[in-house]
Structures are given as structure tokens and as C-alpha cells.
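The values are calculated or read from the model by the stated rules, or taken from the named source; none is laboratory data. Worth saying up front: this structure is predicted, and the values here are computed from it rather than measured. Ideal geometry is used to build each Cβ from the backbone, glycine not excepted, and the neighbour counts take in all protein chains shown. The area values use the complete protein model at the heavy-atom level, side chains included, leaving out ligands, DNA and RNA. Shrake-Rupley method; radii C 1.70, N 1.55, O 1.52, S 1.80 Å.
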Amino acid sequence: MKYENIKRAVFLKRTNRFIAEVDLDGLKETVHVKNTGRCKELLIPGCEVWLTAPGTENRKTKYDLVAVRKGNGMLFNIDSQAPNKVVKEWLEGQNYDKIVPEYTYGNSRIDFYLEWETINI
């Protein structure tokens, strides 16, 4: 998985579970946080964050906040959609005939539904 249009910024504050303010090239920018968890141990004012600009029309924010660098130098991806995207990319290389993410099964939803054709020899 690779993010496009990635930019470095400085985290200022989180105004609610979906929105944060960052300093991007000296300008205050409102961004979408792709993780609704609290992330208080990660999103600390002044920390380095990474944004992506998906380029989707009619968005309220231009950027998504997808990663944060901790004081120890480690970079953490906080995009809650990333794990399933990475798994889907891997599954696509495993010769399944059908891969359906977020599949509804009865009253439940599972991450992936997979099918493959059996070959009789």
C-alpha cells in the first residue's frame, strides 16, 4: 500500500474525533483524522504528522491525517482503513477467484469473503 500526495505537517490540536488542526508549511489547516480512537498518546501538540491529499471532490477537508511520529522517532500509521487495504493487496496475489471486502453474512459483516475454483485432476 502506498499513499499518494503525502505531506509533512505539525500537529496542533484535535477539535473532535474526526477533525484536527495542523501547521502545514506555516499555515493552519483543518484535516480529517482517519482514526476515530482517542490517540492521546500519539497526537501530542507539536508532533510530526503525515497527511495525504486524496483529491476527492466536495470534501470538507483537503487532507487526511494518516501517520504520526512519536518522540522516540518511530512512525505510526493511524489510518484505521490501512490494515484491510494491505490484506486485500496481499489476497489479490494469492489466486483467489473472488475477493469481497466488508461482506455481509447473515446479520454480520466479515472483513473478507473469498472464493476459489476447485480443480479436479
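Side notes on the structure shown:
- Residue count for the range 100-114 satisfying the condition of being small (Gly, Ala, Ser) and open to solvent by 90 Å² or more (accessible area, probe 1.4 Å): 0.
- Check on residue 85, closer than 30 Å to residue 8 by Cα, surrounded by 10 or more Cβ atoms within 10 Å (Cβ to Cβ) and at pLDDT below 95: yes
- Given (1) part of a helix (DSSP H, G or I); (2) open to solvent by 60 Å² or more (accessible area, probe 1.4 Å), index of the condition residue 45 fails: (1)
- Qualifying residue in the range 97-105 (condition: in a helix (DSSP H, G or I), closer than 23 Å to residue 1 by Cα, acidic (Asp, Glu) and over 18 Å from the mean Cα position of the chain (by Cα)): no
- Residues in the range 69-82 that are open to solvent by less than 80 Å² (accessible area, probe 1.4 Å), among the aliphatic types (A, V, I, L, M) and either free of Cβ contacts under 8 Å to residues at least 60 places away in the same chain or assigned to a loop (DSSP other than H, G, I, E, B) (or both): 78 only.
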